[in-house]
Amino acid sequence: MNRMSVLVSPSLLSADFLHLGRDVERINDSRADWFHLDIMDGVFVPNLSYGLPVVSAIKRAARKPLDVHLMIVQPERYIDAFRQAGADILTVHWEADTHLHRTLQSIRAAGMKAGVALNPHTPVYLLEDVIREADLVLVMSVNPGFGGQSFIEEAVGKVRKLKELIGKSGSKALIEVDGGVNAETGRRLAEAGADVLVAGSFVFNAPDPGVVIEELKKL
């Protein structure tokens, strides 16, 4: 059976920050579909990344949508700020949001696509009551906070369960996977039902990121 090509969202967390403009152009010129931006606050995850000024600067240079992943506490406080900075997709963590249903609705009302992310230990069934409010579900296949980690094998089965939940609920949510994605894990995730692959070090550590992105697009 033919399936649609997966979407590829390179993670700028693995880009060369001294030459960020160059790396953004490389992604612009590739077959990548989105830019994946990880926002970390040092509280929800044990690391800091970049904030709103960097997102705004990337938006000015980007010719593809910004896929913004908030790994922060109280993400609902920053919906309008990230909309103004240029986010096209805004994903918040199930574990970080006490009023997830309202937050997803607020993200949509602000004109962005709404995503919900699950940490490796969080089961899929917890999304049953909000899945129809989400445009995207992000399955973390590493523990969030740092790039370059090893792939957690349970993510493949989690994608299958999520695909089943989406089908039963009538949701149109895309399944995105982030962490340890390469040609081998990406193939298995795509076969399990993943629609979007986030790849960081696999893309930016390659001699030619465009070639690696092309490889992922063919999965």
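Once the Cβ-Cβ distance of Asn28 and Asp80 is raised to the sixth power relative to R0 = 30 Å, the FRET efficiency obtained is 0.65.
Between Met4 and Ser150, take the C-beta separation as r, use R0 = 25 Å, and let me know the FRET efficiency to the nearest 0.05.
0.30
For Gly179, the residues whose amide H sits under 5 Å from its own are Ser141, Val198, ignoring neighbours fewer than 5 places away on the same chain, with H placed 1.01 Å from N. Within the same chain, lysines fewer than 8 places from Lys64 are excluded, and of the rest, those with a Cα less than 16 Å from its Cα are Lys113, Lys217. How large is log10 I(q)/I(0) at q = 0.08, 0.10, 0.11, 0.15 Å⁻¹ when the Debye formula is applied to the Cα atoms of the chain, each weighted equally and without solvent? With no solvent term, the Cα-only Debye profile gives -0.24, -0.38, -0.47, -0.92. Just checking the listed ones, Ala206, Ala85, Ala192: in the Gaussian network model of the chain with Cα springs under 10 Å, the one fluctuating most is Ala206. Region 189-219 and region 80-135 have Cα centres lying 24 Å from one another. For region 45-91, the relative contact order is 50 percent, taking Cα pairs closer than 8 Å that sit 6 or more residues apart in sequence and dividing their mean separation by the residue count.
Taking amide hydrogens as placed 1.01 Å from N in the peptide plane, the amide H of Tyr50 sits under 5 Å from those of Met40, each at least 5 positions away in sequence or on another chain. Once you divide the Cα radius of gyration of region 28-99 by 2.2 N^0.38 Å, the number left is 1.10. In this simple spin-label approximation, Asp208 and Ala109 carry label points 7 Å from Cα along the Cα→Cβ vector, and these lie 4.9 nm apart.
Once C-alpha pairs closer than 8 Å and six or more residues apart are averaged by separation and normalised to the residue number of the chain, the relative contact order reads 22 percent. Figure legend: label point modelled 7 angstrom from the Cα of His19 along Cα→Cβ; no residues of region 45-73 have amide N under 13 Å from it. Within the chain, the selection of entire DSSP H helices by a Cα span of 30 Å or greater along the long axis and an average Kyte-Doolittle value of at least 1.0 returns an empty list.
FYI, it's all coordinate maths here, none of it is from the lab. The shown structure was predicted, so the numbers you read here are calculated from the model rather than taken from an experiment. Quick reminder, even Gly has a Cβ in these numbers, built from the backbone with ideal geometry, and neighbours come from all protein chains shown.
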